[in-house]
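Colleague: Got a structure for you, questions after.
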Amino acid sequence: MKQAIVLRLQDEGLASECKKRHDEIWPELVEEFAVSGIQDMEIFLRGKEVIIVSEVVDSQAWTRLWASPVHKRWDQEMSRLLEYDGNTVRADSLERVFSLSQHRRAVDA
């Protein structure tokens with residue numbers, strides 16, 4: 001199941017700090033992703049928007065992560081960069097409309 005989260009940086013000038021924080025992500029947080037059921041994740045920046053696309057085992061994976069002590073610490077750190085009120089962010093399911101790789105496989109067959 002794919003899910004997406006869209007957050008906003010307080011200022012576009014914080015993009016490099018956001019990248020740096022994720023380049024130096026804590027190993028215990030990476031471990032907690034797996035424990036919570038987040039199998040894969042990519043983060044994209046578009047202006048002030050931080051777009052998180054994840055592959056999860058079920059609809060409760062992000063809820064489990066947000067409840068973990070390690071993510072609560074990470075959340076405190078990242079709240080300095082994000083427009084975020086401390087409430088749980090909603091992870092919405094994504095509906096696939098088109099897949100280029102699947103289309104190519106069908107054409108090649």
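The values are calculated or read from the model by the stated rules, or taken from the named source; none is laboratory data. The structure presented is a predicted model; accordingly, all values stated were derived computationally and were not measured. Because the Cβ atoms are built from the backbone with ideal geometry, glycine has one as well, and the counts that use them run over all protein chains shown. Side chains are part of the model used for accessible areas, which takes the heavy atoms of the whole protein and leaves out ligands, DNA and RNA. Shrake-Rupley method; radii C 1.70, N 1.55, O 1.52, S 1.80 Å.
Colleague: Under a point spin-label approximation (7 Å from Cα along Cα-to-Cβ), what is the residue 93-residue 53 distance to one decimal in nm?
Modeller: Label at residue 93, label at residue 53, 1.8 nm between them.
Colleague: Using helices alone, what [θ] at 222 nm do you get for the chain, with -39,500 (n - 2.57) per DSSP H run of 4 or more residues, divided over all residues and rounded to the nearest 500?
Modeller: -11500 deg cm²/dmol
Colleague: Under 18 Å Cα-Cα from residue 20, which lysines qualify once same-chain neighbours fewer than 8 residues away are excluded?
Modeller: Candidates past the 8-residue exclusion: 48.
Colleague: Okay, next question. Once neighbouring chains are kept in place and the probe is 1.4 Å, which whole percent of the accessible area of the chain is contributed by carbon and sulfur?
Modeller: Ligands and nucleic acids excluded, carbon and sulfur reach 49 percent.
Colleague: Which semi-axes, in whole Å and largest first, does the equivalent ellipsoid of segment 1-79 have when worked out from the alpha carbon gyration tensor as the square roots of 5 times its eigenvalues?
Modeller: They are 21, 15, 11 Å, listed from largest to smallest.
Colleague: Could I ask something else about it? Once you place label points 7 Å from the Cα toward the Cβ at residue 8 and residue 63, how far apart are they in nm?
Modeller: 2.7
Colleague: When the dipole is taken about the Cα centre of the chain, and only Lys, Arg (+1) and Asp, Glu (-1) are charged at their Cβ, what size is it in debye, to the nearest 20?
Modeller: Here the chain has a charge dipole of around 220 debye.
Colleague: Also, I was wondering about something else. Name the trypsin sites (Lys or Arg not before Pro) in the chain that are in a loop by DSSP and that have at most 13 other C-beta atoms within 10 Å, would you?
Modeller: Answer in residue order: 80, 90, 96.
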